[in-house]
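The structure under discussion appears below in the form of structure tokens.
Bear in mind that the values in this text are calculations on the coordinates, not laboratory data. Quantities reported herein were computed from a predicted structural model and do not represent experimental measurements. Don't worry about glycine lacking a Cβ; one is built from the backbone with ideal geometry, like all the others, and counts go over all protein chains shown.
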Amino acid sequence: MAIREGGRHRGALAGRVLALAVAAGALALAPAALGATIEVRPGPNALHKALRNAHSGDTLRIHDGTYRESVSINKRVTLRGVGGRPTIDARCDSRTTFLVNRGGFTLDHLRVVGAADGFGYPPSEIDIEQIGSGTVHDVVVHNTCGPLGQGAQYGINVFGSGAIEVSGNRATGGFTDAGIYVGGISDTGGEALKVVNNAAFLNHQGIIIENSDGNGIIQVAGNNAHDNTIDGVGEPASGIFISNSDRIRIRNNTVQSNGEFGVNIGPTSDHNRLVGNTITQNPTDLNNEGSNNCGSGNTIGSRTGNPLSPCG
């Protein structure tokens, strides 16, 4: 059920409420200055129906419960969990649980599960591609569909996009590539793409930054990447993997007890900055195969590859 309140695009309806049947309840429309608020409660395809009737600038308040559906977001909307942490579950019947293809979105205080392999690439709980801005905050992403070849490879996947903020999330449950993946970033519009204050654990790798050429600004800060040890695709199990990417700002992260490497900086990953990180208790804490990478104020145990020069 969804209830809509307000809406700047509904100024002609001042003083009236228009009720539309949505799911088992109704959708109510009335004027407001800054977009409408839509109350959404569990029911068949409740999110899909609410989004279909939403307009850019609206906020969907997702009430506690389980929503068994996969959703595409093609409007500038906010989806915010209220009254608990509602679960959005694609039921292992879709490549994604949330597919985002419109900038300016926000996902906040949700639990997102149920993306699966076998429906296209890449299987991701939240898939964000080719958009300029948006936020994923305080979201729990969890692989519930099985191991390699069955479940999701990524918890949060950001590809070819701009100044996205991925903050305060928890990515766990056995993602077979990474809990959080950022790739193909070449232009962030002068603002930073931020991966900050997240926890990524019990996956193959915690956080991957890949194929990002340094023309955009990427910050990886304040994250806790630990116990990423399971079998998966690609490179060895690591807390943070920087692959073919330049000028990444890696600051104040805690990276411990991962499978092979704490922080793994691959070849052709150059001019990256590591400042104030704690990288300990991994079989190899830092592997630096890139060039001109620098470090200052870090606590790092064992190292292989090239030494870090001091950051100026």
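In the chain, the calculated helix contribution to ellipticity at 222 nm averages -500 deg cm²/dmol per residue, counting -39,500 (n - 2.57) for every DSSP H run with n ≥ 4.
Across the chain, the mean sequence separation of Cα contacts (distance under 8 Å, 6 or more residues apart), normalised by length, yields a relative contact order of 8 percent. Stokes-Einstein diffusion of segment 68-214 at 10 °C, 1.306 mPa s viscosity, Kirkwood radius from Cα pairs, rounded to a whole number: 109 µm²/s.
Extension gain for the segment Asp231 to Ser186, taken as residue separation times 0.36 nm less the Cα-Cα distance, is 13.2 nm to one decimal. Rounded, prolate or oblate: which fits segment 252-312 when a ≥ b ≥ c are the square roots of the eigenvalues of the alpha-carbon gyration tensor, with rounded for a/c under 1.5 and prolate only if a/b beats b/c? Taking the square roots of the gyration eigenvalues as a ≥ b ≥ c, segment 252-312 is oblate. With the simple spin-label model, which puts each label point 7 Å out from Cα in the Cβ direction, the Cys294 to Arg85 separation comes to 3.9 nm. Fully extending the segment from Thr280 to Asn211 would add 22.2 nm, taking 0.36 nm per residue of separation and subtracting the current Cα-Cα distance.
Across segment 250-261, computed HN-Hα scalar couplings (Karplus, 6.51 cos²θ - 1.76 cosθ + 1.60, θ = phi - 60°) run 10, 9, 6, 8, 10, 10, 9, 6, 8, x, 10, 10 Hz from first to last residue, x flagging Gly and Pro.
Taking a ≥ b ≥ c as the square roots of the eigenvalues of the Cα gyration tensor of the chain, is the shape rounded (a/c under 1.5), prolate (a/b larger than b/c) or oblate? In terms of gyration-tensor shape, prolate. Along segment 221-236 the Karplus relation, 6.51 cos²θ - 1.76 cosθ + 1.60 evaluated at θ = phi - 60°, assigns HN-Hα couplings of 9, x, 8, 10, 10, 9, 6, 8, 9, 6, 5, x, 8, x, 6, x Hz to successive residues, with x for each Gly and Pro. Temperature 20 °C, viscosity 1.002 mPa s: under these conditions the Stokes-Einstein estimate for segment 143-224, based on its Kirkwood radius over C-alpha pairs, is 168 µm² per second. Taking every DSSP beta bridge that has both ends in the chain, the antiparallel portion is near 10%. Here the chain is treated with +1 on each Lys and Arg Cβ and -1 on each Asp and Glu Cβ, and its dipole about the Cα centre works out to around 1380 debye. Projected label points at Asp93 and Thr66, each 7 Å from Cα along the beta carbon direction, are separated by 1.3 nanometres. In segment 128-227, Cα pairs under 8 Å separated by at least six residues give a relative contact order of 27 percent.
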